[in-house]
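Sharing a structure here in structure tokens format.
The values are calculated or read from the model by the stated rules, or taken from the named source; none is laboratory data. Bear in mind that the values here come from a model prediction, so they are computed numbers and not experimental data. Note that we place each Cβ from the backbone using ideal geometry, even for glycine, and neighbour counts take in every protein chain shown.
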Amino acid sequence: MHRLRAALPSLAVIAVLIAVWWAAVIATGSLIFPTPWAVVTGTWELIENGTLWQHISASLMRVLIGFGLAACVAVPLGLWMGWVRGAYRMLNPLFQILRPISPIAWIPIAILWFGVGDASPIYLIFISSVFPMVVQTTVGVHTIEKRYLRAAENFGVSRRTLFTRVVIPAVLPQIVVGMRIGLGVAWLVVVAAEMIALHSGLGYMIMDSRNAGNRYDLVVAGMIIIGLIGLSLDGLMRLLEGMRWVRWRYAH
């Protein structure tokens, strides 16, 4: 009941936006831009013929692989850069140069290297999500309060034990924040990549609907579905943030 009450303002805003959208389409007499009901019927059409689930599963599969590979590389690398000063000095300038480059700018190189199959968007997802996770993990290590590290050292704790029993638990919240940011970017990038280089996925569905008969009801339906899935993915990461073993911090 409390959650429903908390969600009421957001639901009210959404309802108002849908009403304004519907009224604007009717007032302008647009023959191209769909009404909300046309989007609903278009979505049901995709559900009935089974293509919607195919496109969703294709996009999620690419994100899962690319993001998983990025996490496996970024978290250990970020911990190493945060813990070893020489590694930070050596690699941080490179990451600060590559990080601002838009993931979309990598699309021509991805197609050149990997062709137009699944490898291209997976590579783009990896490139786009690895940098936020590396940076956030490194920052997490650097922001651990030094007095706790010094206290552990005074008790004769070995450097290895200090790293595994103190540093990693303390930096977990920052790792999860980096993963949350990286996952959001990954979902954004896969849709953009599918619009250009693939023949499946939600991005491809949007472009195909536009090109094959101006089905703008399906275009808008695809956009809404992308947003809802992105919201769900972010919600999953927020649940991970709330777990006790992630929220633990020495300052508390």
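Looking at 217, 208 in this structure, which one is in a helix (DSSP H, G or I) and without any contact (Cβ under 8 Å) to a residue 12 or more places away in the chain? So that I can check it myself, show each step before the final result.
Numbers: 217 fails: without any contact (Cβ under 8 Å) to a residue 12 or more places away in the chain.
Going through 217, 208 in turn, just one is in a helix (DSSP H, G or I) and without any contact (Cβ under 8 Å) to a residue 12 or more places away in the chain: 208.
Taking segment 55-73, which residues are of a type in the set (Ser, Thr, Tyr) and touching a residue at least 60 places away in the same chain (Cβ under 8 Å)? Steps first, answer last, please.
Narrowing segment 55-73 to residues of a type in the set (Ser, Thr, Tyr): 57, 59.
Selection gives 59 alone.
Would you say residue 196 is part of a helix (DSSP H, G or I), under 21 Å from residue 64 (Cα atoms), touching a residue at least 60 places away in the same chain (Cβ under 8 Å) and among the β-branched types (Val, Ile, Thr)?
Taking the combined requirement at face value, the residue satisfies it.
OK, next. At pLDDT 75 or above and more than 26 Å from residue 61 (Cα to Cα): is that true of residue 185 in this structure?
The answer is no for residue 185.
Looking at segment 19-29, can you tell me whether even one residue there is in the same structural domain as residue 168 (by TED's automatic domain parsing) and either touching a strand residue (DSSP E or B) at 6+ places or on another chain (Cβ under 7 Å) or surrounded by 16 or more Cβ atoms within 10 Å (Cβ to Cβ) (or both)?
no
Sticking with this one: Quick check on my filter: what residues within segment 121-172 are under 28 Å from residue 191 (Cα atoms) and not hydrophobic (A, V, I, L, M, F, W, C)?
As a first pass, look at segment 121-172 and keep what is under 28 Å from residue 191 (Cα atoms): 121-137.
Passing the criteria: 121, 123, 128, 129, 132, 136, 137.
Right, another one. Examine segment 105-116 for a residue that is surrounded by fewer than 16 Cβ atoms within 10 Å (Cβ to Cβ), over 22 Å from residue 193 (Cα atoms) and more than 15 Å from the chain's Cα centre (by Cα), and state whether such a residue exists.
Within segment 105-116, the subset surrounded by fewer than 16 Cβ atoms within 10 Å (Cβ to Cβ) is 105, 108-109, 112-113, 115-116.
Retained after the next criterion (residues that are over 22 Å from residue 193 (Cα atoms)): none.
No, that holds for no residue.
I'm told residue 39 meets every condition in (1) of a type in the set (Val, Ile, Thr); (2) assigned to a helix (DSSP H, G or I); (3) farther than 15 Å from residue 224 by Cα except one. Can you identify the failing condition by its number?
The number of the failed condition is (3).
Out of curiosity, is residue 87 without any contact (Cβ under 8 Å) to a residue 40 or more places away in the chain, in a helix (DSSP H, G or I) and either touching a helix residue (DSSP H, G or I) at 6+ places or on another chain (Cβ under 7 Å) or not assigned by TED's automatic domain parsing to the domain that holds residue 199 (or both)?
yes
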